[in-house]
Amino acid sequence: MVGGAGRVTRLTATVGGLVLAAVLILLFAPIASLWGQIGAGPWFGPGDLAAVRFTLVQSLLSATISVALAVPFARALMRRSFAGRRLVIALLGAPFLLPVIVAILGLLAVWGRSGLFSQISLDLGGPRLSIYGLGGVVLAHVFFNLPLVTRLLVQGWQAIPPERFRLAAQLGMGPRAVFQLIEWPMLRAVLPGAFLLVFLLCLTSFAVALALGGGPRATTVEVAIYQTLRFEFDLSHAARLALVQLGLGAAVVLLALGIARPTSFGRGLGRLPQRWDAPRRAGPDAAVVLLSVGFLVLPLGFVIVRGTQGLWAGPEVGLWRAAGISVALAGTSALVTALAALAIAGLVAGLPRGRGMLVEAAGLVMLATSPFVIGTGVFVILRPYVDPFAWALVVTGVINAAMSLPFGLRILVPALAAARANYGRLADSLGMTGWGRFRHATLPLIRGPLGFATGLAAALSMGDLGVITLFAPPDVATLPLYMYRLMGAYRMDQAAGAALVLLGLSLALFWVFGLLGGRHAHRV
Amino acid sequence: MHIAFERVRLAREGFTLQADVSVEPGTSVAVIGPSGAGKSTLLSLVAGFDRPDAGRILIGGQDMARVRPADRPVTLLFQDNNLFPHLTVFQNVALGRAPNLRLDQADRAACSSVLARVDLAGHANKRPAELSGGQQSRAALARALLRAKPVLLLDEPFAALGPALRRDMLDLVAEIRAERDMTLMMVTHDPEDARRIAGQVIFVQAGHVEPPRDTAAVFNSPTPGMAAYLGI
Amino acid sequence: MIRPLLTAAVLSFGATLAQAQNPILTVYTYDSFVTEWGPGPAVETAFEEVCACDLRFVGAGDGAALLARLQLEGTRTEADVVLGLDTTLTTQAADTGLFAPHGLTPQGLTLPVTWEDTTFLPYDWGHFAFVYDNTKLTDVPDSFEALLAAEDLSIVIQDPRSSTPGLGLLMWVKAVYEDRAPEVWAALAPRIVTVTKGWSEAYGMFLEGEADMVLSYTTSPAYHLIAEEDPTKSAANFAEGHYMQIEVAGMLAGTDQPDLAQRFLEFMLSPAFQTVIPTTNWMYPAALPPADLPAGFDQMIQPARSLLIPADEIPALKDAALAEWLAALAG
């Protein structure tokens, strides 16, 4: 499937090209189908302009703060050895995998008006905290993205050759000199890409903006799309907004590609480099680690405690059925993501640099697509031919898979390129081709990243509550939808229990797929 | 300067390094042995990047247990990554004088002088990537000269160079060592290197460190383990 | 593992055959109607006993999504009946031309208002109200004016663009204050902790203690009282009166089962359907004498006035009211 060192076999090119075309059709046909539909609203109203402005402001703030806080956190993790350090680094993977609806419950328990800090503030005679609005949206985004950026930086620190730190120790460099001469050059290379990634992820914020935005003041473009579809039922207006959102994403990507390429995801093990430059006083680093870990762990802790109480009270009968549907859906959709990403990555890894970058940029812009517009568009397209209910799970699975594809590509393209660069010639010289080559000379080398990409896609799909609401027949509920329906039936305790099950299953799926790849991982 | 390993033990994955040997002041010692035997670890112990589980390391009669790498009378050149890619050759060398790169007139003069000594006077403002492999090695050596520490440790720093270039580098090392009366320990794979500049050889195998012997004697009547390694 | 699977497949195939002999009636409704805790399962059993048909409920998101879904499908829809619109949406729904007159003369309606709509029939109703925790809130506002004046009170409401209670509050304010609505919203804005997408999020946040009061129904405390034996939730009784929500159903013009659809609408107003409503939908049934309500409902507050803007005036009001709301809260 995946061909030679410098060239791509015809089969790889064909398969990759077909998959790429299918993905592009899936993304753009729905916009086109809605474009010509009913709707007499303004082409681009003043409310839309406000939405664009708010979207840009919150993305900018979220990305800046995530990156700024991640630097001291990652630095402390990479120069201090302490008990539980590996656990902290493993924990960094969790928030990003967290279903948004679950994370919001946890964040409210800590930062809400009757949350932990409000109580402390009240006890001290202060006011209640109010996080609704820009502050809350940015807080939640930092919660999701701070650990992501920290992981990327930990990888950056790991990639610094250990001799650098030895040299610094031998030359007697202090912490400042080590930062200027060793760490800053790495950060300068890694930070812009990490910033871009977070910016793009926050650009399409929907659930967070709806829950914590506090009202129409905090409307992102994706929220505006939702309201347009719901209230005005102006399909062509929704299509226009979807294009505006895509345009914003594309502009940011083009702007940024000049400066930096987004950092690729990796599964850094967080091996601590041996170093001698850490200041003797460990207080500041310890404070940074404690505060950061507290910020990440407290909301999770509340979800777990509340959920355990909810489950203890006795789960509803539909819970396990919904969990089963979700696991099957997430697993299948993750496999589709993995296969599609593999096919496209096979094509990209063999392309000349310029064209490869173009495909990569397109993959990033996909982060700015609107699941609502895609879902509605697919519905409009399919409706005359098939019963959308009968295809609810298939459509949801495919759209979820497409939404995870950018992540899959970011992980697999570098892995395939490295495998090809290091062992492609060897495989060529041995005359390895076709399936045998893929099985023996490619798959073992990319197994780790492949497992990681699949696990990530599974967890993201597991927590998704978007497309399914448009299609789901009453007897088919995914776990997030089931949890939402429980909340709609006054059953908050059971909903908290369902949230815990959702959290556990998301992490378990990620872990299992990671294990499938990791146990046999070979270093490339 | 005298270097002594007193009943040193260090457990590592795959082997336990044991050393109870000493190196006389002003000598050149080649450390040879199979891959993974513990040669680099031996140098690391002297430089202070590793610490022994048991035993002591003395340099010039002083116990090194509590001395940080920067404060040891030692310069170690690595196989790779001796130079920062984003700094100029001049800055890389100057780090040997002032790790924060705040240089006064005297510092600059000293840097220029050692650069001239290794024939890199015209390359001061280039980045390492613009230099050839041999030139990179000489830049690293210039910094070692500038630091003027009495012990010089080389961990196969010239392994990537061609035979002629490597001979030149070894000769340069020998000259500099003699000028400053340094004690030299050099890890190498090639008996030729040892014959060229080292008066003595330490053989390391599976963590066991043999005491230094005269180079000529070693190659004429090797110990059984060494004979096997050399294929004699 | 293969044998049980095969058996299951054969059984479900047999079931499909058996059903194929019965006509299918497809009813679009909102999600919470069809969940295992909603009225759906009981209604389905009861109707299938008398209709010799297969009743198929289809949940299409929340109430506001129902109409959007129908518009999306247009005349190709498989729905025979739509159940779950309310009077703020009926005129807009009728204007789509997708609905047919019900052709019935409803008997025994117990609504506080007379019913004259020839397209839609009501099945339950309620009053919007602000619900609070009576163990925490002592100084309860007894009118809109008091709510506007209570500076330290916090409320959570729903977005009128995506939620029927949110739209109901918009109409409530309009019905009480008419042209003064913009200044009322401006005065209310500082009290509003957050505006949520739907009822579930708002109610959830209230239960988690995020606000003192939540926009819900006068009957919400009945759920806590009856299902959880928890008397701590109450609804505030406002002197200006409470806006009503009347939930309705209608049959589609393009249905292939017009007789069955009409029979379902008839059944909807019979005791078999109506007695299910109070403890599953937590609303007042539209055709059940108050004496037949379950114990606990008698403890709910009784508004002094029922407010309702006639359905045919809604479309002209709605856009302007929304613009006022947006201006007050987005500023």
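Starting from segment A:272-361, pick out the trypsin sites (Lys or Arg not before Pro) whose DSSP state is loop and whose Cβ has at most 13 other Cβ atoms within 10 Å.
Of the trypsin sites (Lys or Arg not before Pro), the ones in loops of segment A:272-361 whose Cβ has at most 13 other Cβ atoms within 10 Å are A:ARG280, A:ARG281.
Taking the dipole about the Cα centre of segment C:186-331, with the C-beta of Lys and Arg at +1 and of Asp and Glu at -1, give me whichever of C:ALA286, C:PRO190, C:PHE273 is farthest to the positive side.
The listed residue farthest towards the positive side: C:PRO190.
Exposed loop sites here are trypsin sites (Lys or Arg not before Pro) in DSSP loop states with at most 12 other C-beta atoms within 10 Å. What is the longest stretch of chain B lacking them?
My reading of the result: B:103-232 is the longest stretch.
Please give me the summed charge of the neighbours of C:LEU153: other residues whose Cβ is under 9 Å from its Cβ, Lys and Arg +1, Asp and Glu -1.
Surrounding charge for C:LEU153 is -3.
In whole Å, what three semi-axes, largest first, describe the equivalent ellipsoid of chain A built from its Cα gyration tensor (square root of 5 times each eigenvalue)?
They are 34, 32, 23 Å, listed from largest to smallest.
For segment C:238-331, what D do you get in µm² per second when you plug the Kirkwood radius from alpha-carbon pairs into Stokes-Einstein at 4 °C and 1.567 mPa s?
Rounded to a whole number, D works out at 77 µm²/s.
Mind listing the lone cysteines of the protein assembly as shown, meaning no other Cys beta-carbon sits under 4.7 Å from theirs?
Within the protein assembly as shown, the cysteines lacking a partner Cβ under 4.7 Å are A:CYS202, B:CYS111.
Along the positive direction of the dipole of the protein assembly as shown (beta-carbon charges: Lys, Arg +1; Asp, Glu -1; about the Cα centre), which of A:MET78, B:ALA148, A:ALA496 reaches farthest?
Positive-most Cα among the choices belongs to B:ALA148.
Taking the Cβ of each residue in C:GLU201, C:GLU145 as the centre, tally the other Cβ atoms inside 10 Å and list the residues starting with the fewest.
Going from least to most buried by this count: C:GLU145, C:GLU201.
On a straight-distance basis, which aspartates and glutamates could pair with B:LYS126 in a cross-link, Cα separation under 20 angstrom, same-chain partners fewer than 8 positions away excluded?
Hits, sequence-local ones excluded: B:ASP80, B:ASP107.
Under the definition of partner shielding as Cβ atoms of other protein chains within 10 Å of a residue Cβ, what is the mean value for peptide C:202-211?
6
Kindly identify segment A:43-305 as rounded, prolate or oblate by the Cα gyration tensor criterion: order the square roots of the eigenvalues as a ≥ b ≥ c, call it rounded if a/c is under 1.5, otherwise compare a/b with b/c, prolate if a/b is larger, else oblate.
oblate
Specify whether the C-alpha gyration tensor of segment B:84-148 places it in the rounded, prolate or oblate class, a ≥ b ≥ c being the square roots of the eigenvalues: rounded for a/c under 1.5, otherwise prolate if a/b is larger than b/c and oblate if not.
prolate
Name the shape class, rounded, prolate or oblate, that the alpha-carbon gyration tensor gives for segment C:94-148, where a ≥ b ≥ c are the square roots of its eigenvalues, rounded holds for a/c under 1.5, and otherwise prolate holds if a/b is larger than b/c and oblate otherwise.
It comes out prolate by the Cα gyration axes.
Based on a Kirkwood Rh over C-alpha pairs, give the Stokes-Einstein translational diffusion coefficient of segment B:105-232 at 25 °C and viscosity 0.890 mPa s in µm²/s.
151
Any idea what angle helix B:133-147 forms with the longest principal axis of chain B, computed on alpha-carbon atoms, 0 to 90 degrees, nearest 10?
Around 90 degrees separate the two axes.
Using a cut-off of 30 Å between alpha-carbon atoms, which lysines can reach C:LYS318, once sequence neighbours fewer than 8 places away in the same chain are excluded?
C:LYS174, C:LYS197
Give the average, rounded to an integer, of partner chain Cβ atoms located within 10 angstrom of each Cβ in A:208-219.
So the per-residue partner count for this stretch is 5.
Which Cα, out of A:SER62, A:LEU92, A:ALA250, lies furthest along the positive dipole direction of segment A:43-305 (beta carbon charges, K/R +1, D/E -1)?
A:LEU92
Give me Rg over Rh for the protein assembly as shown, both radii from the alpha carbons and Rh done the Kirkwood way, two decimal places.
Dividing the radius of gyration by the Kirkwood radius yields 1.08.
Under a point-charge model restricted to the Cβ atoms of Lys and Arg (+1) and Asp and Glu (-1), what is the dipole moment magnitude of chain A relative to its Cα centre, in debye to the nearest 20?
1820
Could you size up the charge dipole of segment A:367-465 around its Cα centre, putting +1 on the beta carbon of Lys and Arg and -1 on that of Asp and Glu, and report it in debye to the nearest 20?
Roughly 380 debye for segment A:367-465.
Highest GNM mean-square fluctuation, chain C, Cα pairs closer than 10 Å: which of C:GLN302, C:GLN158, C:GLN274?
C:GLN302
Evaluate the charge dipole of chain B about its Cα centre and quote only its size in Debye, nearest 20, assuming +1 on the Cβ of each Lys and Arg and -1 on the Cβ of each Asp and Glu.
Here chain B has a charge dipole of around 560 debye.
Readers should treat all values here as calculations from the given coordinates under stated rules, not as data from a laboratory. For clarity, every value in this text was computed on a predicted model and none was experimentally measured. Reconstructed Cβ throughout: ideal geometry from the backbone, glycine too, with neighbour counts over all protein chains shown.
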